[in-house]
Amino acid sequence: MGDVLRRYYRTLAAKLIIAVGLLMLVGSFVFWYAILYKQEKDLQSIAVRYSDSFIKFVKERTYSGMLTAQRPLIQQTLEDISIAESIEGVSIFNHEGATFFSSKKEDIGKLVNKETITCKGCHLEIEKPVRLMPYPQKWTIYKNDKGFRTLKVVEPIYNEPSCYTAKCHFHAPEQKILGFIEANLSLALIDKAEFRQGIALTGYVLIFFLAISASLGIVLYKIVSKPVSQLVSGMEKVAKGDFEHSVDIKTGDEIGALADAFTLMAKDIKAAKEQQEQWTHKLEAEVAKKAEEIQKTHAGMLQTEKLASLGRMAAGVAHEINNPLTGIVTFAHLMLRRVPPDSEDAEDLKVIIEQAERCAKIIRGLLTFARATPSEKAEVVINDILSRTIYMVKNQEKFHNIKFNINIDDSPRFIAVGDLSQYQQIFLNMLINAADAMNERGVVTIATRKIIINDKPFVEIEFTDTGCGIPEEDMDKLFEPFFTTKPVGKGTGLGLSVSHGIVKHYGGEVLVKSAVGKGTSFFIRLPLVESVL
Amino acid sequence: MKKILVIDDEDIIRISCERVLAPHGYQVSVAASGMAGLELLEKECFPLILLDLKMPDMDGIEVLKEIKKRCLDAKVIMVTGYSTVETAVKALKLGAFNYIEKPFAPDTLLDAVREAFNT
């Protein structure tokens, strides 16, 4: 609750209302006070004027009584006069302060209170009555015991010829002042009126203040608080990433303009963000592509370097081993002639010869691999080489149970640069691998097609078998020299490696797709000679 | 007597040739290097020479050229590793009679030698 109130106090509208309200309250108060003050002054001067005429009236009514010294008449007159409303009392006293007549009979004979204006209106000091005020004060206002104000008026009765020539000879002619008339006039009615007026004015001010505050509050809520809170919630949404959100404030004023500007800004931010994201994606893709390229290049370089050093080594070793192998073969044969045919010794020697020949085969593979850098380049017709190779293998026992699904287009003639025998070797290799993968039983699909890579024409030669497939973990090692899954003695692990090396040398590539248990597809891509197309 | 000169830096090749050919009535002389072979050829021209292609001091091709200068009638059979088939072809173009690949079986050698003498 306290939080809600505190939050409410902090709102723009509340602040404005409080400021305007305070200003209005102070203004109203000053206004109210000025009116009351002026009214009070006016009423006071009216009362004083009224009291003057009242005193004159009393003087007039008691005049004849005074001259004829009819004391009971004077007393009666005073009593009669005091019946009138607002007359609290009228009395006549002499210069010494002794009351002679009074509308209140109990006051007759008493001394007046000398500390009041009754004496001090003219006399500066009671003890030294000679010192007089330069401007005598004839009236004062005091509060009576009921809490209302009373106007006290004191008027001297001056000596005049009619007084000292009257029959009573009561006053000597040198006497200047014969006595005083003092009247106490109640201002209760005025007080009451002023009080009511004060209440009414306060009420008006309060109602005015409340009305102004309320209308100000409504107006502020409509033109400031609501649009601002709309704007704030819009900003929060945008800050959270909802750039689609538009702050729709059609007030036409500054806040409306702010909302429009904000919506525009959100759109700009969205566009900028999208562009940035696009750039980021593009950059990421670019980086990934480059990284892949670098990796490929690196792997390729590594492979090439590996192959080259391996090739050199293989060539050296192979060549050296050929000589002792010749010796083994020769002497095994020489011995074989000396032992009885079909004897155990003859069989053993045959094993030696067989194994030596196997060594020779491995070495031949090694040397082929080492020679993967070809020496001669010529334009060759891929279709013809492929057809010839297929024709060649079809007659071999290994391929007797294999169905060939051949889809070679004879036109166009795919012309590539390279070494005829090397290409033949590659194709042969592919077919042997296919046969081995299918345990020499299945379907081999051979197809050629023209494809475009980076705007350059290539021939793609497909060899697909229905064999065992290549497990994922072997894919990386496929083109590594000496990597083979064939049984010992069946493969050297050089075929694919050599083929790959040759194809790469002529600017082509070898791709593999394989599914374990379903089969494998090899795609050999060779760049075509464009001029002949 | 059918005389044959074997020029090969490898002992085992020389011995093998001798052991295979001698029982078949061939008189086999041997030389362990190209230079040694050419020196022997200074004295007499052999009708058939088995020449290794790859030797340390002199290349088989160079030796073949020298032989062709000295003994026009001599037939040369190049003995080569698989890696140098192209070189063997080159040798054939330079006038070599035939070539056999290492490692060779005795029969292969005999067949090649017989063919050389029969033509």
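The values are calculated or read from the model by the stated rules, or taken from the named source; none is laboratory data. Computed from a predicted model, the values in this text were never measured in an experiment. No Cβ is skipped: glycine too gets one built from the backbone with ideal geometry, and neighbour counts run over all protein chains shown.
Key figures
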quantity: Positions within the range A:102-140 being under 19 Å from A:V90 (Cα atoms) and β-branched (V, I, T), in sequence order; calculated: A:I108, A:V112, A:T116, A:I117, A:T118, A:T140
quantity: Boolean, A:V529 is among the β-branched types (V, I, T), within 55 Å of the chain's Cα centre (by Cα) and modelled with pLDDT of 85 or more; calculated: no
quantity: Test result for A:T520, surrounded by fewer than 21 Cβ atoms within 10 Å (Cβ to Cβ) and hydroxyl-bearing (S, T, Y); calculated: no
quantity: Qualifying positions in the range A:86-138 - in contact (Cβ under 8 Å) with a residue 40 or more places away in the chain and assigned to a loop (DSSP other than H, G, I, E, B); calculated: A:S86, A:N94, A:H95, A:V112
quantity: Test: residue in the range A:400-418 that is more than 15 Å from A:T448 (Cβ to Cβ), surrounded by fewer than 14 Cβ atoms within 10 Å (Cβ to Cβ) and among the acidic types (D, E); calculated: no
quantity: Residue among A:I81, A:I55, A:I74 that is under 27 Å from A:I190 (Cβ atoms), touching a helix residue (DSSP H, G or I) at 6+ places or on another chain (Cβ under 7 Å) and not small (G, A, S); calculated: A:I81
quantity: Scope the range A:128-143; condition surrounded by fewer than 11 Cβ atoms within 10 Å (Cβ to Cβ) and of a type in the set (F, W, Y); matching residues; calculated: A:Y135
quantity: Scope the range A:309-349; condition under 28 Å from B:P23 (Cβ atoms), surrounded by fewer than 13 Cβ atoms within 10 Å (Cβ to Cβ) and within 12 Å of chain B (Cβ to nearest Cβ); matching residues; calculated: A:R337, A:R338
quantity: Failed item, numbered, when A:S421 is tested on (1) within 14 Å of chain B (Cβ to nearest Cβ); (2) touching a strand residue (DSSP E or B) at 6+ places or on another chain (Cβ under 9 Å); (3) of a type outside the set (A, V, I, L, M, F, W, C); calculated: (2)
quantity: Cross-chain or 6+ apart pairs with Cβ under 9 Å, the range A:398-418 first and over 21 Å from A:I432 (Cα atoms), then hydroxyl-bearing (S, T, Y) and surrounded by 12 or more Cβ atoms within 10 Å (Cβ to Cβ); calculated: A:D409/A:T448; A:D410/A:S387; A:F414/A:T448; A:A416/A:Y423; A:A416/A:Y506; A:V417/A:Y506; A:G418/A:Y506
quantity: Scan of the range A:433-452 for residues that are outside any strand (DSSP E or B) and either charged (D, E, K, R) or loosely packed, with under 15 Cβ neighbours inside 10 Å (or both), ordered by number; calculated: A:D436, A:N439, A:E440, A:R441
quantity: A:I385 being more than 12 Å from chain B (Cβ to nearest Cβ) and either among the aromatic types (F, W, Y) or part of a helix (DSSP H, G or I) (or both); calculated: yes
quantity: Meets criteria (in the same structural domain as A:N94 (by TED's automatic domain parsing), aliphatic (A, V, I, L, M) and closer than 23 Å to A:S45 by Cα) for A:I141; calculated: yes
quantity: Residues of the range A:424-469 classified as polar (S, T, N, Q) and out of contact with any strand residue (DSSP E or B) (no Cβ under 9 Å at 6 or more places or on another chain), total; calculated: 5
quantity: Strands (runs of 3 or more DSSP E) wholly inside the range B:2-119 containing at least 3 residues that are away from every other protein chain (no Cβ under 14 Å), farther than 30 Å from A:Q422 by Cα and not aromatic (F, W, Y); calculated: B:2-7, B:26-31
quantity: Candidates A:T251, A:T297, filtered to the one that is of a type in the set (S, T, N, Q), out of contact with any His (no Cβ under 7 Å at 6 or more places or on another chain) and not in a helix (DSSP H, G or I); calculated: A:T251
